[in-house]
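Enquirer: Encoded as structure tokens, here's the structure I'll be asking about.
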Amino acid sequence: MLDGFDYDMARWIPFRDREACQKVRAIRREEITRHANPDFRIEVIADDDFPFRLVTEVFSRIKQAADENRHLVLITPQPEPLYSRVAYLINKFRVNCQRLYTFNMDEYADQDGNIAPETWPNSFLHAMKKNFYHQIDPALRPPESHITGPTNENIGNYGQMIADLGGADVCYGGIGWSGHLAFIEPGSEAYPPIELEEWKQLGPRIVELTPFTVLQGVLGPEFGASGDWSWYPPKAATIGPAEIVGAKLRSSWNAFRLGGSMVSWQRFTVRLAAHGPVTPLVPASILQTLRSDLYISESLAEDIVAAEDFSWYA
């Protein structure tokens with residue numbers, strides 16, 4: 001019974017444990033960083049500091065690896081305009097990136113599973129080249145072949161390409177509305193209902209995007225920030241749980257708000273991923289079991305409370 005009115009969730013929602021949802025919904029700001037696993041570190045960051053901290057995190061790892069003359073392998077989410085600020089710091093401090101390798105964690109695909117080419121302006125590889133690679137001084141850039149995304153040609157070998165370099169040093173990312181990591185979609189046919197340990201061994205594949213992900217995506221600026229679901233591709237290529245588990249560190253950054261307001265689907269989803277059951281039905285929940293850093297903006301850490309008086313048109 002929910003406040004005198006009993007009902008089930010919509011049938012298309014994969015995770016259906018209503019008691020678990022109620023429990024995480026009740027987590028208060030002062031409780032959100034507590035977790036039983038000391039290797040799962042949760043930090044709340046002031047909204048204004050969030051972009052600075054993310055840029056500093058990525059740049060410091062690139063610079064440290066260059067200073068130590070070792071290669072660095074990063075799994076990178078897209079599209080991220082803040083990478084241009086990382087490139088600025090690389091140029092400013094003359095950081096040699098010859099041994100840097102980046103792998104985009106995913107890429108859009110059409111209804112037949114054909115992966116979007118780099119030439120499509122909304123492709124993730126296009127964004128990575130535009131916002132990062134081409135912003136770096138040519139004298140400091142890695143070879144362009146080190147900046148990689150899933151393609152029709154490499155999707156069958158994408159996980160092995162990362163493994164051949166020793167696995168990712170850091171898998172960056174954020175948590176999607178469905179609880180997904182990359183485009184590891186809960187409830188999708190590409191991720192059948194199997195046991196957790198078996199699921200964690202699944203590698204890159206083409207996946208049909210769920211309603212959660214389509215609706216999340218059409219709020220983004222690259223699709224007009226207008227809810228235009230007709231503009232969004234139906235499928236995607238993605239790394240699998242195996243590549244996330246295989247990384248030495250997972251670094252998850254979560255600060256999504258609509259237009260600077262307090263409206264955010266991540267406020268609930270991050271709580272579910274960080275403090276709910278560990279299950280393939282909430283893929284990001286595996287962060288709880290691994291060496292992971294979870295960063296949450298102050299706005300997302302705020303309590304979830306119902307507003308009694310409001311108007312969409314105020």
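FYI, it's all coordinate maths here, none of it is from the lab. Note that this is a predicted model, so its numbers are computed, not measured. For neighbour counting, all protein chains shown are included, and Cβ atoms are generated from backbone atoms with ideal geometry for every residue, glycine included.
Enquirer: Translational diffusion coefficient of the range 163-314 at 20 °C, 1.002 mPa s, Stokes-Einstein with Kirkwood Rh over Cα pairs, in µm²/s as a whole number.
Expert: Details: Rh = 16.5 Å.
The calculation lands on 130 µm²/s.
Enquirer: For helix 266-275, report the angle its Cα long axis makes with the longest principal axis of the Cα atoms of the chain; keep it between 0 and 90° and round to the nearest 10°.
Expert: 90 degrees
Enquirer: Using a 7 Å offset from Cα along Cα-Cβ at GLU189, what residues in the range 89-127 end up with backbone N under 20 Å from the label point?
Expert: Only 107-116 pass the distance filter.
Enquirer: How long are the three semi-axes of the equivalent ellipsoid of the range 111-249, in whole Å, if each is the root of 5 times an eigenvalue of the C-alpha gyration tensor, listed from largest down?
Expert: On the way: eigenvalues 113, 97, 36 Å².
Listed largest to smallest, the semi-axes of the range 111-249 are 24, 22, 13 Å.
Enquirer: To continue, here is another question. Hey, with R₀ at 22 Å, roughly what FRET efficiency would LEU89 and LYS248 work out to, going by the Cβ-Cβ distance, to 0.05?
Expert: Details: r = 23 Å, r/R0 = 1.03.
About 0.45, to the nearest 0.05.
Enquirer: Could you tell me how far the Cα centroid of the range 77-92 sits from the Cα centroid of the range 240-296, in Å?
Expert: So the two Cα centres are separated by 22 Å.
Enquirer: For ASP6, ASP293, what ranking results if the residue with the fewest other Cβ atoms within 10 Å of its Cβ goes first? Intermediate values should be presented prior to the final figure.
Expert: On the way: ASP6 8, ASP293 18.
Ascending number of Cβ neighbours within 10 Å: ASP6, ASP293.
Enquirer: Could I get the Rg over Rh figure for the range 39-93? Both from C-alpha atoms, Rh via Kirkwood, rounded to two places. It would help to have the intermediate numbers written out before the result.
Expert: Working: Rg = 12.6 Å, Rh = 12.7 Å.
Computed over Cα atoms, the ratio is 0.99.
Enquirer: Additional query: Out of the range 77-124, which trypsin sites (Lys or Arg not before Pro) are coil in DSSP terms and have no more than 11 other C-beta atoms within 10 Å? Could you put the intermediate results ahead of the total?
Expert: On the way: sites: ARG85, LYS92, ARG94, ARG99; in loops: ARG94, ARG99.
For trypsin sites (Lys or Arg not before Pro) across the range 77-124 that sit outside H, G, I, E and B with at most 11 neighbouring Cβ atoms in 10 Å, the list reads ARG94.
Enquirer: What FRET efficiency, computed as 1/(1 + (r/R0)^6) with R0 = 35 Å and r the Cβ-Cβ distance, is obtained for THR33 and ALA139, rounded to the nearest 0.05? Before the final figure, lay out each step's value.
Expert: Working: r = 42 Å, r/R0 = 1.21.
Efficiency for this residue pair is about 0.25.
Enquirer: Order the peptides 107-117, 7-17 from the highest to the lowest mean number of other Cβ atoms within 10 Å of their residues.
Expert: Values: 107-117: 17.5, 7-17: 12.4.
Highest to lowest by the protection proxy: 107-117, 7-17.
Enquirer: Given points 7 Å out from each Cα along the Cα-Cβ axis, report the ASP47 to VAL263 separation in nanometres with one decimal.
Expert: In this crude spin-label approximation the distance works out to 1.4 nm.
Enquirer: For the range 1-132, what Kirkwood radius comes out of the mean inverse Cα-Cα distance, in Å?
Expert: Working: mean 1/r = 0.0528 Å⁻¹.
One over the average 1/r among Cα pairs gives 18.9 Å for the range 1-132.
Enquirer: Using a/c under 1.5 as the rounded threshold, could you call the chain rounded, prolate or oblate? The axes a ≥ b ≥ c are square roots of the C-alpha gyration tensor eigenvalues, and prolate needs a/b larger than b/c, oblate otherwise.
Expert: On the way: a/c = 1.55, a/b = 1.41, b/c = 1.10.
Verdict is prolate for the chain.
Enquirer: Further question: Among the lysines, select those whose C-alpha is under 22 Å from the C-alpha of LYS63, and discard any that sit fewer than 8 residues away in the same chain.
Expert: Counting by Cα, and skipping residues close in sequence, LYS63 has these lysines nearby: LYS92, LYS129, LYS130, LYS248.
Enquirer: I want to check the label-to-label distance for GLN64 and TRP231. Put each point 7 Å from Cα in the C-beta direction and report it in nm to one decimal.
Expert: Each label point is offset 7 Å from its Cα along the Cβ direction, giving 3.9 nm.
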